[in-house]
Amino acid sequence: MVNNPYQQYSQQYKQQSVMSMTAVEMLTALYDAAMKDFELAKIANEKNDIQGVNKNLQKVQSIFRYLRGNLDFKYDISKNLDQLYEYFLNVAIQANIKKDFSQVDEVITMIKELRDTYVQADRIART
């Protein structure tokens with residue numbers, strides 16, 4: 001199989017971009033991906049695309065498992081974030097198992113607010 005040179009270059013560029021991200025940039029990218037995947041799962045659910053729902057909600061679950069696994073509990077906020085991430089994870093699991101999307105919009109809003117808070121705190125810290 002011949003690799004597409006553009007695709008290979010694109011993957012290398014993405015890898016270099018990720019490697020050069022700050023912690024806040026990485027965190028906001030993960031939050032953005034989670035929100036996007038929640039939205040794609042909602043669209044797939046509306047189309048009765050069970051595989052699409054599962055694929056996107058599995059991505060959401062992976063993101064929040066990763067975030068939970070990388071919390072540093074020497075900081076007080078980590079316990080609160082762990083509980084929040086666990087809630088996000090549980091909503092994704094319930095949406096996937098029961099196709100119950102009633103809490104997804106609320107979670108997307110909470111993720112956006114959390115993301116925006118980190119971006120604002122980063123701006124303040126840099127000035």
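Bear in mind that the values in this text are calculations on the coordinates, not laboratory data. Keep in mind the model is a prediction, meaning the values are calculated, not measured. For neighbour counting, all protein chains shown are included, and Cβ atoms are generated from backbone atoms with ideal geometry for every residue, glycine included.
At an R0 of 35 angstrom, the distance between the Cβ atoms of residue 73 and residue 48 translates into a FRET efficiency of 0.25. The charge dipole of the chain, taken about the Cα centre with unit charges on the Cβ atoms of Lys, Arg (+1) and Asp, Glu (-1), comes to about 300 debye, rounded to the nearest 20. For the stretch 46-127, applying the loop criterion from DSSP together with a ceiling of 14 other beta carbons within 10 Å to the chymotrypsin sites (Phe, Trp or Tyr not before Pro) yields 73, 75. Normalised by the number of residues in the chain, the average gap of Cα pairs under 8 Å and 6 or more apart makes the relative contact order 27 percent.
Pairs from the table (36/98; 36/74; 47/99; 55/79; 74/112) lying more than 23 angstrom apart at Cα are 36/74; 55/79; 74/112.
Under 15 Å of direct C-alpha separation, and excluding same-chain neighbours fewer than eight residues apart, residue 59 reaches these aspartates and glutamates: 32, 37, 39, 86.
Across the chain, Cα-Cα pairs farther apart than 20 Å form 52% of the total.
Which longest uninterrupted range of the chain lacks any trypsin sites (Lys or Arg not before Pro) assigned by DSSP to a loop state (not H, G, I, E or B) and surrounded by at most 11 other Cβ atoms within 10 Å?
Longest stretch, sites excluded: 75-127.
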